[in-house]
Amino acid sequence: MLHFGLAGVFAVAFLDAAPIPLPIPGSTDILILILGAHGENPWFLAPAAIAGGLIGAFVTWAAGRKGGEAMVDRYVPSRFRSSLKGWVKRHGILSVCLAALLPPPIPLLPFLLAAGALGMTRKQLLIALGIARTLRYGGEATVAAIYGRPLLRWFNRYLAGWSSIILYTFLALLAAAIIFGIWKYRRDQRGTKASGRTVKAHATG
């Protein structure tokens with residue numbers, strides 16, 4: 001994605017907030033820091049990331065709104081489910097804003113699904129995400145523009161020999177995430193059809 005510049009940042013930011021996100025948390029942050037260190041204008045870099053993140057988050061929010069709480073139950077582990085729903089119901093905008101502002105390993109996907117399922121409006125979503133992503137990505141682009149070159153020199157000195165391993169590990173995780181997403185989708189579809197047949201059989205009986 002480095003070769004695609006701003007378009008790559010937009011795409012990765014979109015996938016980071018999409019229903020099936022990238023397998024490595026913080027991929028957008030890494031890309032912003034690297035491109036900023038290579039001289040990409042932060043005034044263009046941050047808006048590209050913000051726009052991609054907002055659109056991806058909107059898609060996830062819409063999926064939660066359409067699927068309801070069943071969507072949250074499907075993608076959120078049971079041990080976190082009740083506390084997540086309670087937090088989003090009580091705090092709404094603040095819960096999504098903090099999840100989008102804090103770095104990994106804080107996951108954004110469960111909060112976006114819960115926001116859609118529990119009735120957060122589109123305006124509230126965009127306000128929360130707009131504030132959080134502007135602060136996060138804007139700050140990272142600024143830091144990269146100022147301190148990026150020393151960080152690149154450090155990377156070239158200590159980690160350059162591991163670049164191929166890091167790349168292939170990322171690609172393997174990405175492929176695994178895609179396969180898992182397809183498998184889970186098909187399993188859920190089969191479960192939905194089986195439940196429908198059971199309900200229909202009881203109704204007929």
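The values are calculated or read from the model by the stated rules, or taken from the named source; none is laboratory data. These figures come from a predicted structure and were not determined experimentally. Counting neighbours? That spans all protein chains shown, and the Cβs are built from the backbone with ideal geometry, glycine included.
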Just one listed residue, out of Leu84, Leu109, is within 30 Å of Val143 (Cα to Cα) and in the same structural domain as Val9 (by TED's automatic domain parsing), and it is Leu109
Go through the residues of segment 182-197 one by one and say whether even a single one is within 20 Å of the chain's Cα centre (by Cα), modelled with pLDDT of 75 or more and within 22 Å of Ala13 (Cβ to Cβ). no
If you take the residues in segment 35-48 that are in contact with a Leu (Cβ under 8 Å, 6 or more places away or on another chain) and in a helix (DSSP H, G or I), which one is nearest to Pro150 (Cα to Cα)? Ala37
The listed residue being modelled with pLDDT under 90 and among the charged types (D, E, K, R), out of Arg122, Arg153, Arg136: Arg153
Hey, among the residues in segment 61-74 that are over 11 Å from Phe111 (Cα atoms) and not charged (D, E, K, R), which one's surrounded by the most Cβ atoms within 10 Å (Cβ to Cβ)? Met71
